[in-house]
Amino acid sequence: MSTLTAYKEHLQEIGKLQSSLALLHWDQRTYLPKKGHDSRAEVIGKLSKMVFELAICDELGRYLKELEGQDDLSLEDRASVRVVGKAYRRHKAIPPDFYERFAIARSRSETAWEHAKATSGFKHFQPHLEEMIDFSRRFADYYGYEKNPYDALLEEYEPGMTTSELNALNEPLRSKLVPFIKRLLGKGKRPQTGFLKRTFPIDRQRELSLRVLKAMGYDFAAGRLDTTVHPFTITTGPGDVRVTTRFTENDLLSGLFSSMHEGGHALYDQGIAPKLRWSGLDEGASYGIHESQSRMWENMVGRSLSFWTFFQPILAEVFPELAKTPIEAFYQAANVVEPSLIRVEADEVTYNLHIMLRFELEEKLINGRISVADLPHLWQEAMERTLGVVPEDDAHGVLQDVHWSAGMFGYFPSYMLGNLYSAQIFAQVKKEIPELNEHIAHGELANLLGWLREKVHRFGKIYEPKELMTLITGEEPDPSYFMRYITNKYSQLYQL
């Protein structure tokens, strides 16, 4: 057996175990009975350790060393060796027993977070969060870093990104967004939303989400839609990419856009070239690139006039009481700008401010400049300073997101990067498909999906994020595309 064949078989063994783990995680966050959580944590811990040991074993190291010296590998095999080799060297320093303890603690932390959020009881979650921060600091030490331990954690989600680069993006963006928001709220004409102030039965909202996912091109033969506390998309293996969402009876658009957001993630995973499965390349180029796809479908498609031209008749079939509501009214209501408490329900203009807040707090947590006990108060202060609103309880404040309970420090910046990437990618789509708005208005979403399949999805993790952005758009990542998109769209909407 050749080294390359043995290497690929080794990766398949890892992939099969990861598939089992993904299914356990999906079940834990959807249908697992309450009394099953504690033992599930131990099972997840055991399987996680098995995967981890395979991913850092000496045998894999020997395969990588030999393959890294070969110059006759295909593009895909070279990329696989590069990506897997980087992860191998990064994770080799972590003791498997330590990783197993982390996996168990993370599973229990996520369960504790769900209870704390449901009861708005931060104290119940506090010791778990402190444990996750301690684990994250130790991970950073194992990984190694030059200046900031947060950089070591960022690398897991956005390769090549640093804290200093994020700060360099944040400040100019904030300096432009804040005055623009003040202009919109102070001088702009706010869209009317009164026609949406009613009760929308959950079963019909689910039907609406099924309809929009089908229209987007989501393959239900390779996935399903379920509900959860905090929406997510998960790939449990080849041919199985699952979407979850969350519905609220008095908010029709929240569930719809949540489904479109997660659908964007799922389309990416469903579009990765089959030959990349179980190669270390069968995921997005980065979390930021992945978020560019979800944010694009949610916002640049879902909140466009073209989309509502197509989708209003479908919505009227599901909710006949809204049949006479004009298309323009839906479009305007989908684009109200209003500082709000909940990140996942924030509008396009204020959303990045939510991310900046989280980035600044978690970077300070990792560096020990603030304590977990002070976090609820610091969150309230930051919300008032950044967005001018203050949560009445922790469920609508510091407990609203699941990420910290899973030890995912360094993840949040991906959402902001996703917004920036999506604007630049969408501008390129419009250059190459000038009639895109007309396609969307006629429900021909396959044209957009086909372009994304060709330019983004099929490559999986072959390219680094900056390299992929240059390949897609001909330019390195440029945040000015996002500000132009926001300024042009909302100046017109708000009649400035």
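The table for this structure:
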item	result
Matching entry among SER39, SER48 (being in contact (Cβ under 8 Å) with a residue 24 or more places away in the chain, small (Gly, Ala, Ser) and outside the structural domain of ASP269 (by TED's automatic domain parsing))	SER48
Condition check for ASP478: surrounded by fewer than 18 Cβ atoms within 10 Å (Cβ to Cβ), outside any helix (DSSP H, G or I) and at negative phi	yes
Residue satisfying condition, being in the same structural domain as HIS25 (by TED's automatic domain parsing), under 19 Å from ALA41 (Cβ atoms), under 24 Å from the mean Cα position of the chain (by Cα) and not charged (D, E, K, R), within set ALA105, ALA140	ALA105
Residues located in region 342-380, provided they are under 19 Å from the mean Cα position of the chain (by Cα) and part of a loop (DSSP other than H, G, I, E, B)	ILE342, ALA346, ASP347, GLU348, VAL349, THR350
Set LEU166, LEU208: member being under 30 Å from GLY443 (Cα atoms), among the hydrophobic types (A, V, I, L, M, F, W, C) and touching a helix residue (DSSP H, G or I) at 6+ places or on another chain (Cβ under 6 Å)	LEU208
Criterion (out of contact with any Pro (no Cβ under 8 Å at 6 or more places or on another chain) and at pLDDT below 95) met by exactly one of GLU362, GLU345	GLU345
Flag if GLN293 is under 30 Å from GLU464 (Cβ atoms) and either of a type in the set (S, T, N, Q) or outside the structural domain of ILE425 (by TED's automatic domain parsing) (or both)	yes
So GLY36, is it within 14 Å of ARG108 (Cα to Cα) and under 25 Å from the mean Cα position of the chain (by Cα)	no
Condition check for MET416: aliphatic (A, V, I, L, M) and either part of a loop (DSSP other than H, G, I, E, B) or farther than 24 Å from ILE342 by Cβ (or both)	no
Residue within region 227-234 that is touching a His at 6+ places or on another chain (Cβ under 9 Å) and either among the polar types (S, T, N, Q) or free of Cβ contacts under 8 Å to residues at least 24 places away in the same chain (or both) present	yes
Residue under evaluation TYR145, criteria (1) among the aromatic types (Phe, Trp, Tyr); (2) more than 28 Å from TRP26 (Cα to Cα); (3) touching a residue at least 40 places away in the same chain (Cβ under 8 Å), criterion not met	(3)
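The values are calculated or read from the model by the stated rules, or taken from the named source; none is laboratory data. Note that this is a predicted model, so its numbers are computed, not measured. Positions of Cβ are generated from backbone atoms using ideal geometry, with glycine treated the same way; all protein chains shown enter the neighbour counts.
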